[in-house]
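Below you'll find the structure, written out as structure tokens, and then a few comments.
The values are calculated or read from the model by the stated rules, or taken from the named source; none is laboratory data. Source: prediction; values computed, not measured. Here the Cβ is made from the backbone with ideal geometry for all residues, glycine too, and neighbour counts use every protein chain on show. Heads up: the accessible areas ignore ligands, DNA and RNA and are worked out on the full protein's heavy atoms, side chains in. Shrake-Rupley method; radii C 1.70, N 1.55, O 1.52, S 1.80 Å.
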Amino acid sequence: MAFGQQINNLQDSFEAALNLSSSPGAVSTSPTQSFMNTLPHRISTAKQQKALKPFSTGDIKILLLENVNETAIEIFTKQGYQVEFQKSSLPEAELIEKIKDVHAIGIRSKTKLTAEILKHAKNLVVVGCFCIGTNQVDLDFAAKQGIAVFNSPFSNSRSVAELVIAEIITLARQLGDRSIELHTGTWNKVSAKCWEVRGKTLGIIGYGHIGSQLSVLAEALGMNVLYYDIVTIMSLGTAKQVSTLNELLNKSDFITCHVPATAETKNLLSGPQFAAMKDGSYVINASRGTVVDIPALIQAMKAGKIAGAALDVYPNEPAKNGAGAFADGLNSWTTDLVSLPNVILTPHIGGSTEEAQSSIGIEVATAVTKYINEGNTVGAVNFPEVSLRALDLDQDNTVRVLYIHHNVPGVLKTVNNILSNHNIEKQYSDSNGDIAYLMADISNVNQSDIKQIYDELNETDYKISIRLLY
Ligand SMILES: NC(=O)c1ccc[n+]([C@@H]2O[C@H](COP(=O)([O-])OP(=O)(O)OC[C@H]3O[C@@H](n4cnc5c(N)ncnc54)[C@H](O)[C@@H]3O)[C@@H](O)[C@H]2O)c1
Ligand SMILES: O=C(O)CC[C@@H](O)C(=O)O
């Protein structure tokens with residue numbers, strides 16, 4: 001049979017498989033003519049690594065929201081994916097409409113991918129969070145739907161740490177107030193309650209990527225550094241870990257939060273914690289808006305207990321830029337907060353630098369592309385991390401099986417019964433809680449073998465989704 005004819009038959013059999021399946025990932029398994037037309041060319045370049053494609057790259061639809069960096073757009077466009085780009089996040093109803101149709105979505109911190117929204121995402125294979133935080137995505141629900149989620153764990157850490165350093169000095173010198181006064185014509189040359197930061201103590205809550213980077217910068221300014229974390233972490237420089245949050249609060253002049261949004265960190269700093277701080281201390285939060293109880297902070301500032309605060313994050317944040325967006329309608333305490341002296345308010349820009357955004361764009365877009373094209377989940381935050389070495393370009397009768405399933409006894413036995421009728425070149429499987437993921441390269445298969453493998457896997461119990469790459 002001529003090669004072109006074989007390819008056409010293979011395409012038909014995949015399209016048939018597609019029509020038979022009802023799994024969430026099934027839409028992604030069928031090659032189309034445009035992809036198939038590129039195959040003879042790719043195969044003729046012997047001894048290079050084979051570029052696996054899930055189906056026609058031109059059919060892959062990616063929705064990028066929240067002004068994701070152009071480096072990501074370039075990477076996706078080079079792959080031939082269809083990219084839709086929006087500067088802001090979308091209202092829920094519009095997001096639900098759009099998400100029904102896409103295979104990948106790229107977001108930052110504002111887009112909430114709740115179970116309610118993800119339920120509509122029948123074709124969605126992967127979410128790219130172009131940021132550090134992933135609390136805006138229902139990670140468990142996504143995993144149960146067979147949707148892998150990737151983020152960028154540290155590309156903007158340095159930017160946040162630098163912002164916090166700037167804020168420490170800004171608060172200590174009341175720079176925000178002096179600047180606002182002078183902008184409105186008031187000359188107010190004062191030194192009362194303005195301090196050097198040298199010799200002061202910085203208390204860092206959460207000594208991860210950002211907290212530890214900040215520790216190094218603060219020591220370079222001559223500050224003493226204490227930190228509190230739920231895990232024991234090696235200190236950098238001469239920083240010291242303390243064993244209780246209260247100890248940190250009692251001993252620090254500046255307290256800064258760098259923890260994720262979790263049930264445990266909700267209102268981590270509230271009335272009792274402000275009361276435990278030294279008189280005249282300063283509070284900084286560039287982590288998540290849930291971590292600091294802002295009405296309690298307002299009270300502590302009004303009582304003169306806290307001398308200043310810098311906030312970059314809020315429980316509710318506007319969906320897009322614009323005048324009037326930050327108001328009592330969004331957070332009821334806004335008027336009270338903005339009227340306090342020595343409060344620095346920034347619109348969630350801790351990670352917003354050219355350097356950070358461009359490297360996040362590259363990092364997350366590359367991870368998403370590798371998952372779409374190769375099934376590689378290294379770096380996924382809700383999936384087991386599995387990777388198989390690439391196929392050689394001349395391995396043209398090989399199919400890569402990606403099988404996402406519930407982690408229950410007996411599944412692998414069933415799956416390997418199906419696969420073991422063929423030559424398994426290599427195979428790797430891992431689990432993460434309830435979700436397990438198997439990658440296998442099966443060689444010497446023809447189109448009817450591939451269709452059979454697909455159909456049989458599709459019938460297995462506990463399957464979540466299947467993709468076949470070749
Ligand atoms: N403002 C911004 O633009 C911006 C930018 C990047 C990250 N962030 C936020 O900052 C957070 C921290 O970022 P990171 O990269 O340093 O994260 P990380 O995961 O590297 O570090 C977080 C640290 O917090 C600790 N921790 C968790 N729960 C804790 C608790 N209850 N008490 C004390 N410590 C606790 C962890 O053990 C870990 O060491 C992110 O989760 C993200 O939400 C904000
Ligand atoms: O860019 C953003 O929207 C989020 C930045 C930051 O909070 C993060 O989690 O990386």
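Conditions (1) in a loop (DSSP other than H, G, I, E, B); (2) in contact with a strand residue (DSSP E or B) (Cβ under 9 Å, 6 or more places away or on another chain); (3) at pLDDT below 95, marked per residue:
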site	(1), (2), (3)
102	yes, yes, no
106	no, yes, no
128	no, yes, no
143	no, yes, no
159	no, no, no
165	no, no, no
169	no, no, no
182	no, no, no
186	yes, no, no
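Could you say whether any residue in region 112-129 is within 15 Å of ligand 1 (Cβ to nearest atom) and buried (at least 18 other Cβ atoms within 10 Å of the Cβ)?
yes
Taking only region 430-452 into account, find how many residues are within 21 Å of residue 387 (Cβ to Cβ), in contact with a helix residue (DSSP H, G or I) (Cβ under 8 Å, 6 or more places away or on another chain) and open to solvent by less than 50 Å² (accessible area, probe 1.4 Å).
5
Of all residues in region 270-286, which are more than 14 Å from residue 244 (Cβ to Cβ) and either within 13 Å of ligand 1 (Cβ to nearest atom) or open to solvent by less than 60 Å² (accessible area, probe 1.4 Å) (or both)?
Correct list: 270, 271, 274, 280, 281, 282, 283, 284, 285, 286.
Pairs needed: first member in region 261-281, over 19 Å from residue 200 (Cβ atoms) and among the small types (Gly, Ala, Ser); second member anywhere, open to solvent by 70 Å² or more (accessible area, probe 1.4 Å) and modelled with pLDDT of 95 or more; C-beta distance under 6 Å; at least 6 residues apart or different chains.
Final answer for the pair search is 261/135.
Tell me whether region 357-376 contains one or more residues that are assigned to a loop (DSSP other than H, G, I, E, B) and either out of contact with any Gly (no Cβ under 6 Å at 6 or more places or on another chain) or at pLDDT below 95 (or both).
Yes, region 357-376 contains at least one residue that is assigned to a loop (DSSP other than H, G, I, E, B) and either out of contact with any Gly (no Cβ under 6 Å at 6 or more places or on another chain) or at pLDDT below 95 (or both).
Looking only at region 190-211, filter to residues that are near ligand 1 (Cβ under 6 Å from one of its atoms) and among the small types (Gly, Ala, Ser); which one of those is nearest to residue 269 (Cα to Cα)?
Ranking the candidates gives 206 first.
Name the single residue, out of those in region 56-89 being assigned to a helix (DSSP H, G or I) and modelled with pLDDT under 95, that is surrounded by the most Cβ atoms within 10 Å (Cβ to Cβ).
Top of the filtered list is 57.
Would you point out the residue of region 218-243, among those that are more than 21 Å from residue 169 (Cβ to Cβ) and away from ligand 1 (no atom under 12 Å from the Cβ), that is most open to solvent (accessible area, probe 1.4 Å)?
Looking at the filtered set, the residue picked out is 240.
Considering (1) touching a strand residue (DSSP E or B) at 6+ places or on another chain (Cβ under 9 Å); (2) within 16 Å of ligand 1 (Cβ to nearest atom); (3) open to solvent by 20 Å² or more (accessible area, probe 1.4 Å), say which one residue 315 fails and leave the rest.
Failing condition for residue 315: (1).
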